[in-house]
1. So is residue 113 aliphatic (A, V, I, L, M), touching a Phe, Trp or Tyr at 6+ places or on another chain (Cβ under 8 Å), crowded, with 20+ Cβ neighbours inside 10 Å and under 19 Å from residue 239 (Cα atoms) or not?
2. How about region 208-320: which strands (runs of 3 or more DSSP E) wholly inside it have at least 2 residues that are in contact (Cβ under 8 Å) with a residue 12 or more places away in the chain and within 16 Å of the ligand (Cβ to nearest atom)?
3. Return only the number of the condition from (1) closer than 26 Å to residue 239 by Cβ; (2) out of contact with any Gly (no Cβ under 8 Å at 6 or more places or on another chain) that residue 58 does not satisfy.
4. For region 91-103, what are the residues that are in a helix (DSSP H, G or I), more than 9 Å from the ligand (Cβ to nearest atom) and touching a residue at least 40 places away in the same chain (Cβ under 8 Å)?
5. Failed condition for residue 140, given (1) within 9 Å of the ligand (Cβ to nearest atom); (2) surrounded by fewer than 22 Cβ atoms within 10 Å (Cβ to Cβ); (3) under 15 Å from residue 165 (Cβ atoms), with all others met?
6. Looking at residue 134 and the list (1) within 11 Å of the ligand (Cβ to nearest atom); (2) in a helix (DSSP H, G or I); (3) modelled with pLDDT of 95 or more, which single condition is not satisfied?
7. Given the criteria under 30 Å from residue 151 (Cβ atoms), under 21 Å from the mean Cα position of the chain (by Cα) and basic (Lys, Arg), does residue 305 qualify?
8. So, in region 1-44, how many residues would count as being in a helix (DSSP H, G or I) and β-branched (Val, Ile, Thr)?
Amino acid sequence: MNARVLVTGGAGFIGSALVRHLGAESDYRVLNLDKLTYAGSLSSVEPIADAPTYEFVQADICDGPAIAAIFARFDPDIVVHLAAESHVDRSIDGPDAFIETNIVGTYRMLRAATQHWKGLEPARRERFRFHHVSTDEVFGSLGPDGFFTEETPYDPRSPYSASKAGSDHIVRAWHHTYGLPTLVTNCSNNYGPYHFPEKLVPLMILKALAGEPLPVYGRGDNVRDWLFVEDHVRAIRRVFEAGRPGETYNVGGRAERTNLEVVRAICAILDELRPRADGRPYTDGIAFVADRPGHDLRYAIDASKLEGELGWVPQESFDTGLRKTVGWYLANEPWWRAIQAGQYGGERLGLKQAG
Ligand code: NAD
């Protein structure tokens, strides 16, 4: 019997990449559990929607009885928990959903998983894993030098990163207190196909194509370490298949870029693949706008534990990954047009005060 993987948040950006990967390149039976918030779209899992090894259920991870019933029915061997509110700017405007889903929802998932795990027969109990997907933002901000390692103390600064930090601690507590075989991965900024257009890379591609100004926060000198989403899902699979329970692994692309460098790189690819009608370079559209409140200067990941222990390395460089990403948005206009029409038109987020 094929092992069963319960993926939460599988209609989102990274979760859908994981579900598509498992559908195409494994024998796992996959249940995708997702609430379908503004960030979730079943169009992102269309390529595997009809596969006999795949099913979808709409549910809220905060709904304890619904989650318990799903565990009882699907009987998972592995849980990969990605469901979350994920956008820093939205966490500034309205933190409630972040506390609710990221902290309370993770707790409810752990509670259901622990109950399920305790009832498994010994061999399956031994192999069971609860893999929690988190972010490098829990570590706070770096100066110009240094890297986040698995030992870096937590120092979250935004409502989003604080809620993810809280959830990471709760997951580790469930390992130490109840023995649940947990894994935590903290990864850097992902980019790639099917990325919701509020995030930097798709936002810039779509604004450039629409002939709109390209809004760069502050002076564009905040540095992020960019990870191609398909490299990330290969890392997730490697960790839940071979990682040591109770451990944390950092995942990064060894691709540090300032936001301005990212925007310029997108412009250069578009100049080549879809030149502007007026013949001018896309960089002419760059417009510096008010910075994000509390904007962390630099994140950079040291992924050597994952590379050394589990033999994972990213397959894409930033240049090859970005070219694939821009090409995907050019070729998949119906996907992003539907999202723009339905949920998000590219407006500025993250300047309101919580209250
Ligand atoms: P996303 O916002 O694209 O997708 C989140 C998914 O979770 C959506 O499909 C949404 O419908 C679902 N969801 C939200 N609340 C839910 C709830 N209460 N119950 C069930 N489903 C719910 O996010 P993403 O970018 O794919 O991120 C996935 C995970 O990876 C998150 O935990 C995020 O914190 C983490 N992460 C993301 C990045 C990144 O660069 N995108 C970086 C580091 C870590």
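1. Yes, satisfied.
2. 223-228, 248-251, 256-258
3. Unmet for residue 58, out of (1) closer than 26 Å to residue 239 by Cβ; (2) out of contact with any Gly (no Cβ under 8 Å at 6 or more places or on another chain): (1).
4. Within region 91-103, 91, 92, 93, 98, 99, 103 meet the criteria.
5. Here residue 140 clears every test but (1).
6. (2)
7. So residue 305 fits the description; yes.
8. Total meeting the criteria: 2.
The values are calculated or read from the model by the stated rules, or taken from the named source; none is laboratory data. None of these values were measured; they are calculated from a predicted model. Cβ atoms come from the backbone with ideal geometry, glycine included; neighbour counts cover every protein chain shown.
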